[in-house]
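S.K.: Below is one structure. I have some questions about it.
The values are calculated or read from the model by the stated rules, or taken from the named source; none is laboratory data. These figures come from a predicted structure and were not determined experimentally. Heads up, the Cβs are rebuilt from the backbone with ideal geometry, glycines too, and the neighbour counts pull from every protein chain shown. Please note that ligands, DNA and RNA were not included when accessible areas were found on the heavy atoms of the full protein model with its side chains. Shrake-Rupley method; radii C 1.70, N 1.55, O 1.52, S 1.80 Å.
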2 protein chains.
Amino acid sequence: MEFKYLIIKNRSYRRFKQDYKLDMDTMKELVDFARLSASSGNIQGLKFLLSVDGQKNSRIFKHLKWAYYLKDWDGPGEGERPGGYIIILGDTEIHSTIEVDVGIAAQSILLGAVEKGLGGCMIGSLDRPGLRKDLKIPMQYQIPLVIALGKPNEQIILEEVNDTGNIRYWRDENNVHHVPKRSLDEIVIY
Amino acid sequence: MEFKYLIIKNRSYRRFKQDYKLDMDTMKELVDFARLSASSGNIQGLKFLLSVDGQKNSRIFKHLKWAYYLKDWDGPGEGERPGGYIIILGDTEIHSTIEVDVGIAAQSILLGAVEKGLGGCMIGSLDRPGLRKDLKIPMQYQIPLVIALGKPNEQIILEEVNDTGNIRYWRDENNVHHVPKRSLDEIVIY
């Protein structure tokens, strides 16, 4: 698949076909993409906690905050929730979490997921103490990011940021999700 | 190109065919991959300063610190230096730099470069005040990361971290670069 297509297809999906089951082998393949990606000073301080189990997924789900700009939406309802999660942990016995590494790993995972016909969303807004307690995550690990994964079930349209400069994504009356992106001219400096 | 191949081929290249010229259109295509990637809260606070010009490249090069673990190597010599750079800037008029976004953008750029037969290296260790002064980068912008790009001219071998836990990359007598990676078993948590 052409890389540009992968990039365009890799949207932040928040609604899924919940009955589509993810398996552990697929999840491990995705983590392997992160494993083989760059790490600052090659330190490799990240760990990856996996879930494809319905009950465990529910325990994770309830601590996540979805789509900040969609004030009337509490996140995906029953039937459209993620089929699994990769929780990125920072192992402080190796190093305090390097956030750039988190972004590198997460992007590798999601691009790899898209090639497999899957998709997902990086979620940095969550109740960390609650998730830690429910999943018994030792204090040794920081919890920088959760990646929700599954078979996407929503339409997302990219559009250009207009003169108002508003970058808030929004949903139209057909539940199509619109994402304003700044133009290349706005972000390139010569 | 299969994504797994792209991931494996995307090594941190530090030696290049310096006479291979990069052009601005290619650089802008790479930035476009970053532009269309995820951004926390869709804030899109990053800017991208481009260079494919020999003189400008030299002004950037002298502020970079290369390959921390290779104590006997001062970085690529004349003839094997990068053909260009993408300097990632954080526009503080939009938001203080979100490091996860930096990682996402940099990974998109480098994977895209590999598909084009190019490659590069993320460099976070640099003389920021010196670079700022030489390139007249306004104080409005933070400088989280520099990406060196070019036509790679070195062999890199991935190997598994052994029992000592040593993650330092090293070069053998033939100048082949070896990078130890932790195993999947070590980084996956169930």
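S.K.: Report, by residue number, each residue of the stretch A:1-47 that is hydroxyl-bearing (Ser, Thr, Tyr) and either more than 8 Å from chain B (Cβ to nearest Cβ) or closer than 17 Å to B:MET122 by Cβ (or both).
M.R.: A:TYR5, A:TYR13, A:TYR20, A:THR26, A:SER37, A:SER39, A:SER40
S.K.: Counting only residues that are surrounded by fewer than 14 Cβ atoms within 10 Å (Cβ to Cβ) and not in a loop (DSSP other than H, G, I, E, B), how many does the stretch A:129-146 have?
M.R.: Looking only at that region, the number is 3.
S.K.: Ok, one more. Which of the residues spanning the stretch B:166-190 are surrounded by fewer than 18 Cβ atoms within 10 Å (Cβ to Cβ), part of a loop (DSSP other than H, G, I, E, B), modelled with pLDDT of 95 or more and not polar (S, T, N, Q)?
M.R.: Of everything in the stretch B:166-190, those that are surrounded by fewer than 18 Cβ atoms within 10 Å (Cβ to Cβ), part of a loop (DSSP other than H, G, I, E, B), modelled with pLDDT of 95 or more and not polar (S, T, N, Q) turn out to be B:ARG168, B:ASP172, B:GLU173, B:VAL176.
S.K.: Can I ask one more? I'm told B:VAL52 meets every condition in (1) without any contact (Cβ under 8 Å) to a residue 60 or more places away in the chain; (2) buried (at least 21 other Cβ atoms within 10 Å of the Cβ); (3) touching a strand residue (DSSP E or B) at 6+ places or on another chain (Cβ under 6 Å); (4) not acidic (Asp, Glu) except one. Can you identify the failing condition by its number?
M.R.: B:VAL52 satisfies all of (1) without any contact (Cβ under 8 Å) to a residue 60 or more places away in the chain; (2) buried (at least 21 other Cβ atoms within 10 Å of the Cβ); (3) touching a strand residue (DSSP E or B) at 6+ places or on another chain (Cβ under 6 Å); (4) not acidic (Asp, Glu) except (2).
S.K.: Among the residues of the stretch B:159-167, is any within 26 Å of B:GLU78 (Cα to Cα) and in contact (Cβ under 8 Å) with a residue 12 or more places away in the chain?
M.R.: no
S.K.: Could you please let me know if A:GLY117 is in contact with a helix residue (DSSP H, G or I) (Cβ under 9 Å, 6 or more places away or on another chain) and open to solvent by less than 50 Å² (accessible area, probe 1.4 Å)?
M.R.: Against the criterion (in contact with a helix residue (DSSP H, G or I) (Cβ under 9 Å, 6 or more places away or on another chain) and open to solvent by less than 50 Å² (accessible area, probe 1.4 Å)), A:GLY117 does not qualify.
S.K.: Right, here's the next one. Restricting to the stretch A:122-138, and then to whatever is in contact (Cβ under 8 Å) with a residue 24 or more places away in the chain and in contact with a helix residue (DSSP H, G or I) (Cβ under 8 Å, 6 or more places away or on another chain), can you tell me which residue is farthest from B:CYS121 (Cα to Cα)?
M.R.: A:ASP134
S.K.: Let me ask something additional. State yes or no: is B:LEU110 in contact with a strand residue (DSSP E or B) (Cβ under 7 Å, 6 or more places away or on another chain), within 10 Å of another protein chain (Cβ to nearest Cβ), open to solvent by less than 10 Å² (accessible area, probe 1.4 Å) and not in a strand (DSSP E or B)?
M.R.: In short, yes.
S.K.: Considering B:ARG35, B:ARG59, B:ARG14, which residue is more than 14 Å from the chain's Cα centre (by Cα), over 30 Å from A:GLU159 (Cα atoms) and either open to solvent by less than 40 Å² (accessible area, probe 1.4 Å) or of a type outside the set (Ser, Thr, Tyr) (or both)?
M.R.: Exactly one of B:ARG35, B:ARG59, B:ARG14 is more than 14 Å from the chain's Cα centre (by Cα), over 30 Å from A:GLU159 (Cα atoms) and either open to solvent by less than 40 Å² (accessible area, probe 1.4 Å) or of a type outside the set (Ser, Thr, Tyr) (or both), namely B:ARG59.
S.K.: Give the stretch A:70-103 a look and list any residue that's buried (at least 17 other Cβ atoms within 10 Å of the Cβ), away from chain B (no Cβ under 14 Å) and not charged (D, E, K, R), or say none.
M.R.: A:GLY75, A:PRO76, A:PRO82, A:GLY83
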